[in-house]
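K.L.:
Here you go, one structure.
The values are calculated or read from the model by the stated rules, or taken from the named source; none is laboratory data. Keep in mind that what you see is a predicted model, and the values were worked out from it rather than measured. For neighbour counting, all protein chains shown are included, and Cβ atoms are generated from backbone atoms with ideal geometry for every residue, glycine included.
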Amino acid sequence: MKKSISWIQSQKQKIEVAFFLIFFKAYYKKLFRESNPVHWGRKRCVSS
């Protein structure tokens, strides 16, 4: 019984870490885009 409880807790922790990483990546991308609109516009002009 104790073993299964600790396993569930470790799985829960893994899921929390994965969610945090996904959220952090998405937030960082959003922040970067908002703080650098000129850079992105310039990139589009060069590629076209």
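K.L.:
Counting only residues that are hydrophobic (A, V, I, L, M, F, W, C) and at pLDDT below 65, which one in the stretch 32-48 is surrounded by the most Cβ atoms within 10 Å (Cβ to Cβ)? Let's see the steps before the verdict.
P.N.:
Quick first cut of the stretch 32-48, residues hydrophobic (A, V, I, L, M, F, W, C) only: 32, 38, 40, 45-46.
If we keep only those that are at pLDDT below 65 too, we end up with 40, 45-46.
Numbers: Trp40: 12, Cys45: 8, Val46: 7.
The qualifying residue surrounded by the most Cβ atoms within 10 Å (Cβ to Cβ) is Trp40.
K.L.:
Looking at Lys29, Lys12, which is the one that is surrounded by 10 or more Cβ atoms within 10 Å (Cβ to Cβ), within 13 Å of the chain's Cα centre (by Cα) and either modelled with pLDDT under 90 or not hydrophobic (A, V, I, L, M, F, W, C) (or both)?
P.N.:
That would be Lys29, the only listed residue that is surrounded by 10 or more Cβ atoms within 10 Å (Cβ to Cβ), within 13 Å of the chain's Cα centre (by Cα) and either modelled with pLDDT under 90 or not hydrophobic (A, V, I, L, M, F, W, C) (or both).
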